[in-house]
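Quick notes on the structure that follows.
The values are calculated or read from the model by the stated rules, or taken from the named source; none is laboratory data. Not measured: the values here are computed from a predicted model. Methodologically, a virtual Cβ is constructed for each residue, glycine included, from the backbone with ideal geometry; neighbour enumeration extends over all protein chains shown. With ligands, DNA and RNA removed, areas are computed over all heavy atoms of the protein, side chains included. Shrake-Rupley method; radii C 1.70, N 1.55, O 1.52, S 1.80 Å.
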Amino acid sequence: MRVLVTGSAGFIGYHLSRRLLDEGHAVTGLDAFSDYYDVGLKRARHADLEADPAFEAVEGRLESPGLLRDLLARIRPDIVVHLAAQAGVRYSLENPQAYADSNLIGSFNLLEAVRAHPVRHLLLASTSSAYGGNTALPFRETDRAVSPLTFYAASKLAMEAMAHSYSHLFAIPTTAFRFFTVYGPWGRPDMALFLFTRKILAGEPIEVFAGGAAERDFTYIDDLVDAIRRLADAPPSAPGAGGPVGPFDTLSSSAPYRLVNIGGGRPVRLDAMIDALERALGCRAQRILKPLPPGDVARTEASTELLQALVGHVPETPIETGIPAFVAWYRSYYGA
Ligand SMILES: NC(=O)c1ccc[n+]([C@@H]2O[C@H](COP(=O)([O-])OP(=O)(O)OC[C@H]3O[C@@H](n4cnc5c(N)ncnc54)[C@H](O)[C@@H]3O)[C@@H](O)[C@H]2O)c1
């Protein structure tokens with residue numbers, strides 16, 4: 001296959017591209033190397049990919065007029081995996097414009113490019129934040145999700161809605177994933193595990209929200225990539241061409257479109273995550289307990305039934321394995 005991965009210098013895009021190259025596929029990776037976090041880390045991820053002759057790097061922004069249309073016209077990918085976005089829940093309170101640019105305009109441009117140059121399967125990254133203030137657990141893809149708590153979540157829900165309309169109008173087989181707190185080697189410096197690791201090693205205190213009682217359905221990166229890879233081979237069928245796979249299937253009645261959670265369905269308390277990190281680092285954290293910040297939710301938990309029905313496998317790496325793997329990478333990358 002020839003695959004276009006947007007956001008290939010990002011945490012997930014890097015790992016997915018690596019996996020596709022290792023399987024022998026040709027990958028074009030688009031990234032703007034935005035400075036939301038350490039650009040050096042993004043360059044290092046891309047340097048690893050660029051060492052492979054089957055990888056083509058393209059530097060540019062999704063919003064650049066004509067960029068995506070011209071790129072698709074040239075490379076004619078079989079599938080597109082759209083991961084590039086302004087990520088992060090809290091930063092969307094500070095700089096919503098970045099989310100409007102990348103997630104709304106950028107995703108719209110991608111849809112227009114795919115409309116002009118059809119692909120076998122379009123896969124898009126959405127988020128568990130799309131469930132907003134839902135408190136019924138686990139979060140099921142069939143739950144109403146119309147009350148986003150942050151502009152990040154709103155921008156991703158808007159992307160899902162835009163993609164559904166293009167899938168309906170132009171028969172584009174589309175899968176939108178809702179990811180649940182992804183972590184692992186080469187992870188994102190703005191996320192809790194990375195921040196805590198840096199601070200604990202520097203002897204600085206860490207801020208623990210909701211007194212440590214917040215829970216997240218942590219998903220190890222290899223499990224996530226495995227799920228994306230399997231779903232890429234399972235594009236949704238057109239309405240009438242194949243029935244739903246079970247009671248929670250979100251296969252649209254009007255488009256070859258479905259939403260799928262990627263998470264393991266086993267939430268972990270933040271304080272238990274920190275305990276595991278202390279064990280992996282071999283040192284203690286100084287914990288400052290803080291209330292939950294605005295826009296954050298108390299608990300996330302993925303329903304795994306749809307993912308299981310579609311690909312026969314769900315994320316299962318426990319934090320007792322995943323956190324030491326992250327720490328081993330962190331220590332070798334930063335020499336810490
Ligand atoms: N990591 C998680 O836990 C998580 C959870 C839910 C959803 N997601 C979603 O998964 C996707 C990948 O997340 P990640 O953790 O790898 O984030 P990341 O920030 O590491 O990667 C995103 C990449 O997109 C690039 N980018 C941003 N705006 C761009 C633009 N306008 N044009 C071109 N490139 C641009 C950035 O430079 C970055 O390299 C994102 O869409 C994110 O919203 C991630």
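Across the chain, the mean sequence separation of Cα contacts (distance under 8 Å, 6 or more residues apart), normalised by length, yields a relative contact order of 18 percent.
Note down the relative contact order for the range 157-288 as a percent, whole number, built from C-alpha pairs under 8 angstrom at least six residues apart. The partial results should precede the final answer.
Values: 171 pairs, mean separation 52.1, N = 132.
Reported as a whole number, the value is 39 percent.
Counting other Cβ atoms within 10 Å of each Cβ, which trypsin sites (Lys or Arg not before Pro) in the range 61-129 have at most 16 and sit in a DSSP loop? Provide the component values of the computation, followed by the final result.
Numbers: sites: ARG61, ARG69, ARG74, ARG90, ARG115, ARG120; in loops: ARG61, ARG90, ARG120.
Filter output for the range 61-129: ARG90, ARG120.
GNM remark for the chain: springs join alpha carbons under 10 Å apart, and the peak mean-square fluctuation among THR250, THR142, THR28 falls on THR142. Atom-type composition of the exposed protein surface of the range 22-121 places 49 percent of the accessible area on carbon and sulfur (1.4 angstrom probe). Among 330-336, 311-317, sorting by the average number of other beta carbon atoms lying within 10 angstrom of each residue, highest first, gives 311-317, 330-336.
Note on PHE170: accessible area is roughly 80 Å² with a 1.4 Å probe, heavy atoms of protein only.
With every protein chain kept in place and ligands, DNA and RNA left out, what is the accessible area per residue of the range 223-301? Probe 1.4 Å, answer in Å².
Values: 3510 Å² over 79 residues.
Each residue of the range 223-301 exposes 44 Å² on average to a 1.4 Å probe.
From the alpha carbon centroid of the range 280-336 to that of the range 83-123 is 25 Å. Entry comment: accessible area of the range 52-168 is 42 Å² per residue, from protein heavy atoms only and a probe of 1.4 Å.
Residues of the range 171-207 falling in the label zone of ARG43, defined by backbone nitrogen less than 20 Å from a point 7 Å along Cα to beta-carbon, are 186-190.
Using the average count of surrounding beta-carbon atoms within 10 Å as a protection proxy, the listed peptides 127-133, 143-149 rank, highest first, as 127-133, 143-149.
Within the straight-line cut-off of under 14 Å between alpha carbons, the aspartates and glutamates reachable from LYS290 are GLU207, ASP271, sequence neighbours fewer than 8 places apart in one chain being disregarded. As a ratio to 2.2 N^0.38 Å, the alpha-carbon radius of gyration for the range 181-336 is 1.22. Partners of LYS156 within straight-line reach, counting lysines whose Cα lies under 23 Å from its Cα and excluding those fewer than 8 residues away in the same chain: LYS42.
Just the accessible area per residue of the range 1-40, please: how many Å² with a 1.4 Å probe?
Averaged over the residues of the range 1-40, the accessible area is 30 Å².
Subtracting the Cα-Cα distance of GLN97 and LYS199 from their residue separation scaled by 0.36 nm leaves 33.8 nm. Across the alpha-carbon atoms of the chain, the computed radius of gyration and Dmax are 19.2, 60 angstrom.
For the range 109-153, backbone nitrogen atoms closer than 15 Å to the point 7 Å from MET191 Cα along Cα-to-C-beta are found at 125-129. GNM on the chain, alpha-carbon springs under 10 angstrom: the most fluctuating residue among TYR220, TYR91, TYR14 is TYR91. Between GLU50 and SER237, the modelled label-to-label distance comes to 4.4 nm, taking each label 7 Å out from Cα in the direction of the beta carbon.
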